Amino acid sequence: MHIKDTDTLLFIGDSITDAGRDRTDPASLGNGYVQEIARTLGERPDAGPGPTVINRGISGHRVYDLEPRWTTDVVEYRPDVVTVKIGINDTWRRYDQQLPSPIDEFEGCLDGLLARAGQETSARLVVVTPFLLPVTPEQAEWFEDLTPRTEAVLRAARAHDALLVRADLVLARAAEDKEAAELARDGVHPSPLGHRLIADAWLAEVDAAS
């Protein structure tokens, strides 16, 4: 699926997608992987200005927070590609606020959102997996919750024929050569290098897909 200049790419998710965007400016893309993708696509040789890119990430959101805004933040834009990156806050809130997000309920909600995208738009779906690069011993315990949650994300994505961007694997491989904090200062929020790696993984999976 070679991305065309006429395409509209919409990204929705949590703070990793949000990346500090100015929510008073609909064109703001933040300073993360969404901006990196837009810049790369806009700088392709012998291409036009690049596709329209829309960022609808909101810091702190869990999967349930996407549901009430799905129509206004996804469907009404009539996107050609919808990318969903969600899940780490569903795990994080269990440990810092004792706010559970049962795996079956999480999967059911994500599955429903992807189904709606398929029914209400003609968009190609892309799902970016949640990831964690522990920077404290306590964070390593989060995998008890995050590992089955990531498996749920994979099931939901495959059930709807979504392209998969394995951010969890990409960043884990990078962490074999670099300190975790170089890629995500708090184990969750990517550094500029971490965002670039996610962007490159997205481009390799999506822009090159048939």
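Some notes on this structure:
- Within region 180-191, residues that are open to solvent by less than 10 Å² (accessible area, probe 1.4 Å) have Cβ atoms under 7 Å from residues that are charged (D, E, K, R) in no pair, counting only partners at least 6 apart in sequence or on another chain.
- Within region 16-39, the set of residues being at pLDDT 95 or above, of a type in the set (Ser, Thr, Tyr) and surrounded by fewer than 19 Cβ atoms within 10 Å (Cβ to Cβ) comprises just one member, Ser28.
- Tally of residues being in a helix (DSSP H, G or I), open to solvent by less than 10 Å² (accessible area, probe 1.4 Å) and either of a type in the set (A, V, I, L, M, F, W, C) or free of Cβ contacts under 8 Å to residues at least 40 places away in the same chain (or both) across region 47-91: 4
- Some residue of region 97-114 being among the small types (Gly, Ala, Ser) and touching a Leu at 6+ places or on another chain (Cβ under 9 Å): no
- Cross-chain or 6+ apart pairs with Cβ under 7 Å, region 135-161 first and under 13 Å from Trp92 (Cα atoms), then open to solvent by less than 90 Å² (accessible area, probe 1.4 Å) and among the small types (Gly, Ala, Ser): Gln139/Gly187; Arg149/Gly87
- Region 92-112, subset touching a residue at least 12 places away in the same chain (Cβ under 8 Å) and in contact with a helix residue (DSSP H, G or I) (Cβ under 6 Å, 6 or more places away or on another chain), residue surrounded by the fewest Cβ atoms within 10 Å (Cβ to Cβ): Ile103
- Candidate set: region 1-15, residues that are in a loop (DSSP other than H, G, I, E, B) and open to solvent by less than 10 Å² (accessible area, probe 1.4 Å); chosen: the one modelled with the lowest pLDDT: Ile3
The values are calculated or read from the model by the stated rules, or taken from the named source; none is laboratory data. The structure presented is a predicted model; accordingly, all values stated were derived computationally and were not measured. Cβ atoms come from the backbone with ideal geometry, glycine included; neighbour counts cover every protein chain shown. Protein only, heavy atoms only, side chains kept; ligands, DNA and RNA dropped before computing areas. Shrake-Rupley method; radii C 1.70, N 1.55, O 1.52, S 1.80 Å.
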